Amino acid sequence: MVEEILLADDFVRQLISVGEVDILVGIPSFNNAATIGQTVLAVEQSFQQGFARERVVLVNVDGGSGDGTREVVMNTRAEKSSSGRGLTSLRTEQRVVTQYGNAPSASLAMRTILAAADLLRAKACAVISPATSNLTTAWITNLLEPVYRDKFDYVAPLYNRHKYDGLLSRNLLYPMSRSVFGQGIRELHPSELGFSGRLAGHCLAQNVWNQEDIQDAPEIWMALTAISSDFKCCQAFLGTKERASAGTAPDIVTAVRQNVGSLFWCLDAEEDFWMQRAKPEAVPSFGSESDLTSEPMNLNRQRIFELFRSGVQDLAPILQTILATETMAEIQSVAGQSEEKGRLSGDLWARTLFDFAASHHHAVLNRDHLIQALVPLYRGRIHSFLVEHQDSNAEQMEADTENLCVQFEKQKPYLVERWQAKA
């Protein structure tokens, strides 16, 4: 149900004038005037090429841009197709723009898009980032078709990436969520995704939108909600994911706080589901298999290890309250070795994360401080990953990822034991 307080009157009037639709594409924005025009054109071309007979709408939800982003959305026009159709139907122009606030909010942007989808009774929806510089019409179609044609409820993207890109997903979000929730979604916090109107309505109705832990990463909550509520999930290959520029990508501390905080909160919220979850199930995937890109990428391995080592030393009193005694001793042993020899194994990393998740559940200390204490240990895991895969090809990388997931799955009983133990 759409809460009236959520949507501005002008936005509601625009939506009512559109009427019910088959397809909705939402574009959250904030100061994206330089790139959003191309995004709008890609959406329009996708509508023309893949959904020519469907009722379609593009919804731009803006966080208070000061660079004319909203005006670009409304004024960007593509050449009409041979049928004479752009985003115009017989009834009205299917393009809606609203400002939901005076500052960007991932949670409020997503909630606004879900509310629009619910009000318009959209069958298939996608969220597209205007910052994706290499977006193509195929990306949008590949996110929408599994929902509209094949009746899936949630579509996560698959990308080609550099082997040192997406390290948080590969080393933490994917193996942990797969082992705990029983379905392996590679991109748990994507900038592009697809979903059904049915899932939109379900998520909109949940009383979670004021929870601080999901404000910055509602996509993680949405994916895990889809899994734990038995919605049909799949993945669709989109293409090469270009890395964010240094000025737009969050720093490692912010990334861990946002992503891990949301993941840990979901473990608490869906405890009844994952405690009973058996062996993980494969998630159907559409399109080509993801591959590795070859552009140069340099990371200071020595610096990463030194930050791991100093973090373990400086945070030892805090880590001792979070980690099991044996786990703490093993981590200190790794930190005491040379940079060339120090390795945080998959088994040790799994137990480390499960110790943190259980301690987060028991609130052994301030939860934000707890998650920040994970950062140096994450650096230790990334250092190990860089050492082990400096010469790895795509096949070897995939085998290693699968082995890491297996290590997490083997350790799930350990998580349950720590979770159920008295604080």
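The values are calculated or read from the model by the stated rules, or taken from the named source; none is laboratory data. This structure is a prediction, so every number in the text was calculated from the model and none was measured. So basically every Cβ, Gly included, is an ideal-geometry build from the backbone, and we count neighbours across all protein chains shown.
A few points about this structure:
- PHE231 vs. criteria modelled with pLDDT of 95 or more, assigned by TED's automatic domain parsing to the domain that holds SER191 and touching a His at 6+ places or on another chain (Cβ under 6 Å): no
- Close pairs from the stretch 39-61: first within 17 Å of THR76 (Cα to Cα), partner assigned to a helix (DSSP H, G or I) and of a type in the set (D, E, K, R), Cβ under 8 Å, at least 6 apart: LEU58/GLU44; ASN60/ARG70
- Residues that are acidic (Asp, Glu) and within 21 Å of LYS412 (Cβ to Cβ) within the stretch 355-371 comprise just one, ASP355.
- Subset tally (residues that are in a helix (DSSP H, G or I) and of a type in the set (Gly, Ala, Ser)) for the stretch 105-137: 6
- Every pair of residues 6+ apart whose Cβ atoms lie under 8 Å, when the first sits in the stretch 92-115 and is at negative phi while the second is acidic (Asp, Glu) and part of a loop (DSSP other than H, G, I, E, B): ALA106/ASP216; SER107/ASP216; ALA115/GLU3
- Residue check, SER333 in a loop (DSSP other than H, G, I, E, B), of a type outside the set (Phe, Trp, Tyr) and more than 29 Å from ASP213 (Cβ to Cβ): no
- Of residues in the stretch 274-315 being at pLDDT 95 or above and aromatic (Phe, Trp, Tyr), the one nearest to GLY194 (Cα to Cα): TRP274
- Filtered residue count, the stretch 187-204, keeping only those that are in contact (Cβ under 8 Å) with a residue 60 or more places away in the chain and either part of a helix (DSSP H, G or I) or out of contact with any strand residue (DSSP E or B) (no Cβ under 6 Å at 6 or more places or on another chain) (or both): 9
- Hits in the stretch 155-172 - residues which are hydrophobic (A, V, I, L, M, F, W, C) and within 29 Å of LYS123 (Cβ to Cβ): VAL155, ALA156, LEU158
- Annotation note: Cβ proximity below 6 Å between a residue of the stretch 158-183 that is in contact (Cβ under 8 Å) with a residue 12 or more places away in the chain and in a loop (DSSP other than H, G, I, E, B) and a residue that is buried (at least 21 other Cβ atoms within 10 Å of the Cβ) and of a type in the set (S, T, N, Q) (sequence gap 6+ or interchain) occurs for no pair.
- ALA278 vs. criteria over 30 Å from ASN393 (Cα atoms) and assigned to a loop (DSSP other than H, G, I, E, B): yes
- Filter result (within 25 Å of the chain's Cα centre (by Cα), modelled with pLDDT of 95 or more and hydrophobic (A, V, I, L, M, F, W, C)) within the stretch 1-33: ILE23, LEU24, VAL25, ILE27, PHE30, ALA33
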